[in-house]
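Quick note: the coordinates plus some simple rules give every number you see, no bench work behind them. Computed from a predicted structure; not experimentally measured. All Cβ positions, even for glycine, are placed from backbone atoms using ideal geometry, and neighbour counts span all protein chains on display.
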Amino acid sequence: MKIKLRNTEIVVTKAGREIVSGNPQFTKHKAGFNENLIRSSVREVLKKAENKKSKLVLFTAFADDNNKLPTLATAKILAQEFYRHLRLGKSNIKKISISCVGKNTLKIFDKGVVAYLKHATEVLQYGPFVTVDAIIEINGKIVVIERSNPPFGYALPGGFVDYGESLEDAVTREAKEETGLKLLNLKQFHTYSNPYRDPRFHTIGTVFTAKGKGKPKAGDDACGLRLVSPKEIGKLTFAFDHKKIIQDYLKTRKIA
C-alpha cells in the first residue's frame, strides 16, 4: 500500500495508524465536492507544505455518498495531483500519507492511488515517447543534420518533448539547438506512430514545417548540417523514417 515517486513515499493507511500535527491536511468529507475543488485543494496543501518545508503531509479520506464524484474518482484525482507535483521538480516532502476512515475506503484508495501510480510509473513511463521533427526550408532546400549518435545517418532536426513542454515549444527549442535557426510560419504536417520507426524505442513523432531564419549551423549533438534539394533526398541515407517523411511532404507541397 505504498509507492515511491522520486524521493517521496506515498502511503495509503488505515486511520489511526498515523497522527501528525502541524502539517497541512485535506479532508474529503464535505458534501458537494467536485473535480476542480479537489484539485485546487490538493495543490494548495502541497504548496503550503513546500513553503513550510514539511517532510510529511497527511490527507484524511472519508467515503461520502453526498459527494458529486465517486470515491475512486477522488482517489485518482489525488494520485494525478501527487504525480504532477512531484514531476515538476525537487520536493521537500518525504512522505505523503492518506489516512482512510473505513476498510472499504482503504481498499478504494489503495487501488485509486497506489495501483494507479504504479501503472503510470511502471507501464506508461516506458513509452511510447513523444518526439517532434521539423522540415525547415531555406531557399527551396531542406535542412538536415548528420547525427553524431546512433542511429546514424541524416535526420530532420528534432528530438524528445520535455515534461511540461508543448509540441510547438519543443520543436522550436530543438531546431534552435541543432541548427541555430529561428522558425517562421510553423505548421503541423503529420504525426507518425509506427512502433518500429525508431530502432531505440517506440516513439510517436509529430512533424512540423517551417521557414528557417538565420544562418544554419550544426549544434553540439550533430556532426554536420546540410541544405539539400528535393532531388538529393533519395541519394542520402537517413535515420529513422525521415526519408519517408520528407518524401511524403514533397508529394503534398511543391518547394519553390
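List of remarks:
- Evaluated at q = 0.19 Å⁻¹: base-10 log I(q)/I(0), Debye formula over Cα of region 195-241: -1.00
- Axis angle, to the nearest 10 degrees, between helix 242-252 and the longest C-alpha principal axis of the chain: 70 degrees.
- Overall form of region 50-170 per C-alpha gyration tensor (a/c, 1.5; a/b vs b/c): prolate
- With the simple model of a label 7 Å out from the Cα in the direction of the Cβ, residue 73 to residue 48 spans 2.6 nm.
- Cα gyration tensor shape of region 150-195, rounded if a/c is under 1.5, else prolate or oblate by comparing a/b with b/c: rounded
- Helix 35-51 axis versus longest C-alpha principal axis of the chain: approximately 90°, rounded to the nearest ten.
- Antiparallel DSSP beta bridges within the chain, as percent of all bridges there, nearest 5: 50 percent
- For residue 197, the residues 5 or more places off, or on other chains, whose built amide H falls under 5 Å of its own are 203.
- Counted charge near residue 229, where neighbours are those whose Cβ lies closer than 12 Å (Asp, Glu -1; Lys, Arg +1): +2
- With 0.36 nm allotted per residue and the present C-alpha distance subtracted, the residue 213-residue 169 stretch has 14.2 nm of extension available.
- Over region 134-256 - Rg/Rh using Cα atoms and the Kirkwood inverse-distance radius: 0.92
- Once the chain from residue 34 to residue 247 is taken as fully extended at 0.36 nm per residue, the excess over their C-alpha distance is 71.7 nm.
- Pairs with C-alpha atoms separated by more than 26 Å, drawn from the list 4/48; 47/176; 2/90; 213/251; 217/244; 94/176, are 47/176; 94/176.
- Value of [θ]222 nm, deg cm²/dmol, for the chain, DSSP H segments ≥ 4, -39500 (n - 2.57) each, nearest 500: -8500 deg cm²/dmol
- Once the Cα atoms are used to define both axes, helix 71-87 deviates from the longest principal axis of the chain by about 50 degrees.
- Rel. contact order, % - alpha carbon contacts under 8 angstrom, at least six apart, region 27-179: 19 percent
- Rg over Rh, two decimals, the chain (C-alpha only, Kirkwood Rh): 1.15
- Sorting 142-148, 191-197 by average packing, meaning the other beta carbons within 10 Å per residue, from highest down gives 142-148, 191-197.
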